[in-house]
Amino acid sequence: MDSKVKEARAQAWEHLQKMIKDVEIAMLTTVSGEDFLRSRPMMTQQTDDSGVLWFFTNDHHAKAQELAEDPRVNVSYSNTASQQFVSVSGLGEVVHDDEKKRRLWKPIYKSWFPDGVDDPHLALLKVYIEKAEYWDAPGSRWVELAGFAKALLTGKPYETSRDEHDKLDLMKNPPPGTGAESPAT
């Protein structure tokens, strides 16, 4: 694989992680029943370089059953203050990893999990990112407004640059350093 492509992929992955890092609450969507979509707020605990998102959950809640039946998920992030938006598609699974739970645990989580980190139903939701898309508006609203004004005056649609909007396919292009790179790399 061309070094420029690798570098661009690494930069896009790094940018995506930075955008997710600053969003406190994401919306997790699962498939419920007969292709009914169900979303709920979740707090991302960690985004790691292997293309995985981590959340706390209970293994006996509806989302655990939904994931057992259909692991497809979407996680959406929205930071309206900075005009950054991310949509992540992938596969989710409920896992019990006591060591990982202890590393990610914070005392404030007792509000949601009153029995604490030793609760036998406390689990981790692991989302393997397959694809992601992000929108990162210009740094200034004035720049954004100028772009919209230009579009209105010229009659041409407002278009974002690659820096503002991009798609990542981690199935074709896994994050660098994960050992999952394609054989051609």
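The values are calculated or read from the model by the stated rules, or taken from the named source; none is laboratory data. Predicted, not measured: the structure shown is a model, and the values here were computed from it. In this analysis, Cβ positions are derived from the backbone assuming ideal geometry, glycine residues included, and neighbour counts consider all displayed protein chains.
Miscellaneous remarks
- Scan of the range 63-88 for residues that are in contact with a helix residue (DSSP H, G or I) (Cβ under 9 Å, 6 or more places away or on another chain) and either surrounded by 15 or more Cβ atoms within 10 Å (Cβ to Cβ) or outside any loop (DSSP other than H, G, I, E, B) (or both), ordered by number: Val73, Val75, Tyr77, Asn79, Gln83, Gln84, Phe85, Val86, Val88
- The residues on offer are Ala184, Ala146, and the sole one that is out of contact with any strand residue (DSSP E or B) (no Cβ under 9 Å at 6 or more places or on another chain), under 17 Å from Ala10 (Cβ atoms) and either at pLDDT below 90 or among the polar types (S, T, N, Q) (or both) is Ala184.
- Output for the range 65-77, where each listed residue is out of contact with any Ser or Thr (no Cβ under 7 Å at 6 or more places or on another chain) and either within 16 Å of Leu53 (Cα to Cα) or aliphatic (A, V, I, L, M) (or both): Ala68, Pro71, Arg72, Val75, Tyr77
- Failed criterion for Lys18 (all others in (1) loosely packed, with under 13 Cβ neighbours inside 10 Å; (2) outside any helix (DSSP H, G or I) hold): (2)
- One residue stands out in the range 21-44 among those that are touching a residue at least 60 places away in the same chain (Cβ under 8 Å) and surrounded by 13 or more Cβ atoms within 10 Å (Cβ to Cβ): the one that is nearest to Leu122 (Cα to Cα), namely Met42.
- A residue that is in contact with a Gly (Cβ under 9 Å, 6 or more places away or on another chain), of a type in the set (Val, Ile, Thr) and buried (at least 19 other Cβ atoms within 10 Å of the Cβ) cannot be found anywhere in the range 89-102.
- Failed criterion for Ser50 (all others in (1) more than 22 Å from Asp136 (Cβ to Cβ); (2) at pLDDT 95 or above; (3) of a type in the set (Ser, Thr, Tyr); (4) within 13 Å of the chain's Cα centre (by Cα) hold): (2)
- Checking Gly92, Gly179 one by one, the residue that is within 21 Å of the chain's Cα centre (by Cα) and at pLDDT 85 or above is Gly92 and no other.
- Listed by first and then second residue, the pairs linking a residue in the range 105-130 that is touching a residue at least 12 places away in the same chain (Cβ under 8 Å) and in a helix (DSSP H, G or I) to a residue that is of a type outside the set (Ser, Thr, Tyr) and surrounded by 18 or more Cβ atoms within 10 Å (Cβ to Cβ), with Cβ atoms under 8 Å apart and 6 or more places separating them unless they lie on different chains, are Tyr109/Phe56; Val117/Lys101.
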